[in-house]
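Remarks on the structure that follows.
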Amino acid sequence: MSNHRSPFSCPLAQEVIDAHIAIEQWLGGRAEPSALELLLARFSPAFSMIGLSGTRVNRAALDTLFGQGHGKRPGLQIVVDEVDTITASPAGGVVAYRETQTDGEGHKTVRRSTAVFEREADGHIVWRHLHETPVTDR
């Protein structure tokens, strides 16, 4: 991965990697149904997202998406690279990364994302906001 810091040297960057592993396993159907609670616990109750289409998604919509998404994308592979910790503090931080999703039929999407993280009182890191931008071939 090309970035300023190893993604494994910063807990925020590590959370990006770990969350995408969990999402890949969940949507691909390789996670147990009991994994949903742990997956959703990664996201703040105040979570918001701007998706690839420009639509704003709140935490309730995310809960529905994942709640109904188990196994809906068999063969899904997610590769995260170009991870860059833009800023980090004891309260949270911002991480940018590139994400490539390939489904079981070989359809590929690439996006550049910026994620805002908060650290809860118990030290748990949660996703507060995510903005995705599609990468198109030129």
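General remarks:
- Unique match (being under 16 Å from the mean Cα position of the chain (by Cα) and surrounded by fewer than 16 Cβ atoms within 10 Å (Cβ to Cβ)) among THR114, THR85, THR55, THR109: THR109
- ALA60 among the small types (Gly, Ala, Ser) and under 29 Å from SER34 (Cα atoms): yes
- Residue that is modelled with pLDDT of 95 or more and out of contact with any His (no Cβ under 6 Å at 6 or more places or on another chain), where the choices are PHE43, PHE8: PHE43
- Scanning the stretch 100-138 for residues that are part of a strand (DSSP E or B) and charged (D, E, K, R), we see that the one that is nearest to PHE47 (Cα to Cα) is ARG128.
- Residues within the stretch 23-34 that are without any contact (Cβ under 8 Å) to a residue 24 or more places away in the chain and either of a type in the set (Lys, Arg) or exposed (fewer than 15 other Cβ atoms within 10 Å of the Cβ) (or both), tallied: 3
- Options GLU32, GLU15, GLU37, GLU24: the member that is assigned to a loop (DSSP other than H, G, I, E, B) and either modelled with pLDDT of 95 or more or more than 20 Å from VAL79 (Cα to Cα) (or both): GLU32
- Residue match in the stretch 87-99 (condition: of a type in the set (Gly, Ala, Ser) and not in a strand (DSSP E or B)): yes
- Considering only residues in the stretch 117-138 that are among the aliphatic types (A, V, I, L, M) and closer than 19 Å to GLY54 by Cα, the one that is surrounded by the most Cβ atoms within 10 Å (Cβ to Cβ) turns out to be LEU130.
The values are calculated or read from the model by the stated rules, or taken from the named source; none is laboratory data. Since we're looking at a predicted model, the values are computed, not measured. Here Cβ is always computed from backbone atoms with ideal geometry, including for glycine, and neighbour counts include all displayed protein chains.
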